[in-house]
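Just so it is clear, none of the values below were taken in a lab; they were calculated from the coordinates. Computed from a prediction, not measured in an experiment: that's the story for all the values here. Heads up, the Cβs are rebuilt from the backbone with ideal geometry, glycines too, and the neighbour counts pull from every protein chain shown.
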């Protein structure tokens, strides 16, 4: 299966709780994202958030907590590769 990802704008939002993200439901469906999203900034910084659908989010954006992104050094409006996490929680093996 090919990795499905898109470059989306990461937006700082005060109304999103820490550790969570908001995405457009159509974008989530297109990328095969169910409950977690992986955001890769600059090709090296990988951030994983719990994600919930929100119709108010534009299809080319992902919204995250403003304070959390500030602490992680991610600027508002940063373009980042966004996808379902490559590794799901597994029982080992």
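Is it fair to say residue 67 is more than 16 Å from residue 30 (Cβ to Cβ), surrounded by 13 or more Cβ atoms within 10 Å (Cβ to Cβ) and in contact (Cβ under 8 Å) with a residue 40 or more places away in the chain? Answer is no for this residue. Listed here are the strands (runs of 3 or more DSSP E) enclosed by the range 1-72 that have at least 1 residues being touching a helix residue (DSSP H, G or I) at 6+ places or on another chain (Cβ under 6 Å): 5-13, 45-53.
The set of residues from the range 35-49 being surrounded by fewer than 12 Cβ atoms within 10 Å (Cβ to Cβ) and farther than 15 Å from residue 78 by Cβ comprises just one member, 35.
Within the range 44-61, the residues that satisfy the criterion of being in contact with a strand residue (DSSP E or B) (Cβ under 8 Å, 6 or more places away or on another chain) and under 17 Å from residue 86 (Cβ atoms) are 46, 47, 48, 49, 50, 51.
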